[in-house]
1. Anything in segment 179-205 that is of a type in the set (D, E, K, R), in a loop (DSSP other than H, G, I, E, B) and either under 30 Å from residue 150 (Cβ atoms) or in contact (Cβ under 8 Å) with a residue 40 or more places away in the chain (or both)? List them, or say none.
2. Go through segment 62-81 and report how many residues are closer than 13 Å to residue 163 by Cα and not polar (S, T, N, Q).
3. Going through 151, 190 one at a time, which residue ends up being out of contact with any strand residue (DSSP E or B) (no Cβ under 7 Å at 6 or more places or on another chain) and closer than 18 Å to residue 211 by Cα?
4. Of all residues in segment 45-60 being crowded, with 16+ Cβ neighbours inside 10 Å and of a type in the set (A, V, I, L, M, F, W, C), which is farthest from the chain's Cα centre (by Cα)?
5. Of (1) over 28 Å from the mean Cα position of the chain (by Cα); (2) surrounded by 17 or more Cβ atoms within 10 Å (Cβ to Cβ); (3) not hydrophobic (A, V, I, L, M, F, W, C), residue 177 satisfies all except one. Which?
6. Just to be sure, is residue 98 in contact with a Lys or Arg (Cβ under 6 Å, 6 or more places away or on another chain), within 30 Å of residue 31 (Cβ to Cβ) and of a type outside the set (Val, Ile, Thr)?
7. Tally the residues that are modelled with pLDDT under 95, part of a loop (DSSP other than H, G, I, E, B) and loosely packed, with under 15 Cβ neighbours inside 10 Å, restricting the search to segment 83-106.
8. Write out, first by first residue and then by second, each pair whose Cβ atoms fall under 6 Å of each other, whose residues are 6+ apart or on separate chains, and whose first residue, in segment 18-44, is closer than 19 Å to residue 211 by Cα and at pLDDT below 80 while the second is of a type in the set (A, V, I, L, M, F, W, C) and surrounded by 10 or more Cβ atoms within 10 Å (Cβ to Cβ).
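The values are calculated or read from the model by the stated rules, or taken from the named source; none is laboratory data. The structure displayed is predicted, hence computed values, not measured ones. Note that we place each Cβ from the backbone using ideal geometry, even for glycine, and neighbour counts take in every protein chain shown.
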Amino acid sequence: MSKVLTAVIVSMLLSTGCQSQKAWVYAPNQFQDKQALSSKKAIVQQFEDLRENDNSNYIGFYVVPLFPFGWQDFKVPEGSSGHVFSHLWINYKPTEDFPKALASELQNARVFKEAHFDFGRGDAEVIVSGKILNTDYSGKLITYGLSVYGPVLWLIGLPAGTVSNDPSVEIHCIDANSNRQLFAKTYTVPTYSRWGWIYSMPNDFNYPDMLKYIYMQFVSDLSASSALSP
């Protein structure tokens, strides 16, 4: 098979999936209507970003003869304009999007009388803040050591690549008047890891759903703790 035809196969993969944009869309968990657990007002502040500024992109190694794949390892994946199974991630700023999502969860769950995102403290009685510990992203584009001819194997059913997402955050609550810590915990979620085929490419921007799982745990833990006591 000619290099031209192989290039067409690679282009097909890129145009159908690898170059699609991803945008941050968060749908909070749904809870039954109930009376607020606490009569206090809460503000969720901007999260602190503790991730290493370290993105390694060696995806071009897939064309090196005898080398089995090209790969990406991102600590700050939104800083790259290209990912193995998607292109640019738009409307995504974790330090603001994560706490805004948390505020919507607290409001939906009726944990507090009122909960919203703000950069300041306002008249809040409880301050909820967090730290982004990691949002690791890893991906591989597999060519089986065949360089530009590797994509031929994709057509007969061999995997085209792999991807994984692995976030963790620390969330804590303090009393706005005394600055006394009311609650703090680090949350992780099982790593999202998928194989991808040219005919079935996985979502490599799974952070909204993973954060949704984390926040469900946080709401449960906070509701059961003594942090909501008067």
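1. Within segment 179-205, the subset of a type in the set (D, E, K, R) is 180, 185, 194, 204.
Narrowing the set further to residues that are in a loop (DSSP other than H, G, I, E, B) leaves 180, 204.
The one that is of a type in the set (D, E, K, R), in a loop (DSSP other than H, G, I, E, B) and either under 30 Å from residue 150 (Cβ atoms) or in contact (Cβ under 8 Å) with a residue 40 or more places away in the chain (or both): 204.
2. Looking only at that region, the number is 6.
3. On the way: 151 fails: closer than 18 Å to residue 211 by Cα.
None of the other options fit; the residue is 190.
4. Among them, the one singled out is 59.
5. (2)
6. For residue 98, the condition - in contact with a Lys or Arg (Cβ under 6 Å, 6 or more places away or on another chain), within 30 Å of residue 31 (Cβ to Cβ) and of a type outside the set (Val, Ile, Thr) - is not met.
7. Residues flagged as modelled with pLDDT under 95, part of a loop (DSSP other than H, G, I, E, B) and loosely packed, with under 15 Cβ neighbours inside 10 Å within segment 83-106 amount to 1.
8. Once the first residue is closer than 19 Å to residue 211 by Cα and at pLDDT below 80 and sits in segment 18-44, its partners that are of a type in the set (A, V, I, L, M, F, W, C) and surrounded by 10 or more Cβ atoms within 10 Å (Cβ to Cβ) give 31/109.
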